[in-house]
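Below is one structure, written out as structure tokens; comments come after it.
The values are calculated or read from the model by the stated rules, or taken from the named source; none is laboratory data. On a predicted model such as this, the values are computed, not experimentally measured, just so you know. Cβ placement follows ideal geometry from the backbone for every residue including glycine, while neighbour counts extend to all protein chains displayed. Accessible surface is based on the protein model in full, side chains and every heavy atom, while ligands, DNA and RNA are left aside. Shrake-Rupley method; radii C 1.70, N 1.55, O 1.52, S 1.80 Å.
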Amino acid sequence: MASNDVPMSTEPNVTPEIMLAFYSRLYPFKSIFTWLSHSHVPSTAKDAPATRIGPSWTNREFAFTLKGDVYIRYNSFQDVEEFKKQVIKLNPERFEVGAIYNAKVRPV
């Protein structure tokens, strides 16, 4: 190994504080919301996706992995603000976007 080579660490240098700052200041919640609120049904001008929150958002499952490998499934949200508040509150190590169900999912 050359003297200027630095060995790669196997542990990430991401702390809960860094993740909280990322979620609070940088994560593109509104863009993700817009992307996940898509509809396969064409909309009219008065029923545009920008003004309507449909089942592709409200019936979608989100799962969170918290510190210590705590896994929370079956979360759904009414709007982007509720989603953002929960993500910031939980400060997950990761979260997953799941399926769209026929009804709103609820934590078990």
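Residues VAL87, VAL14 ordered from highest to lowest accessible area at a 1.4 Å probe: VAL14, VAL87. On the beta carbon distance between LEU36 and ILE88, with R0 = 22 Å, the FRET formula returns roughly 0.75.
If I stretch the segment between ARG73 and PHE22 completely, what's the gain in nm (0.36 nm per residue apart, minus their alpha carbon distance), one decimal? Mind dumping the intermediate values first?
Details: separation 51, 0.36 × 51 = 18.36 nm, distance 2.22 nm.
Extra length from ARG73 to PHE22 when fully extended: 16.1 nm.
Take the Cα of PHE29, go 7 Å toward its beta carbon, and the backbone nitrogen atoms of segment 64-97 under 14 Å from that spot belong to 77-92.
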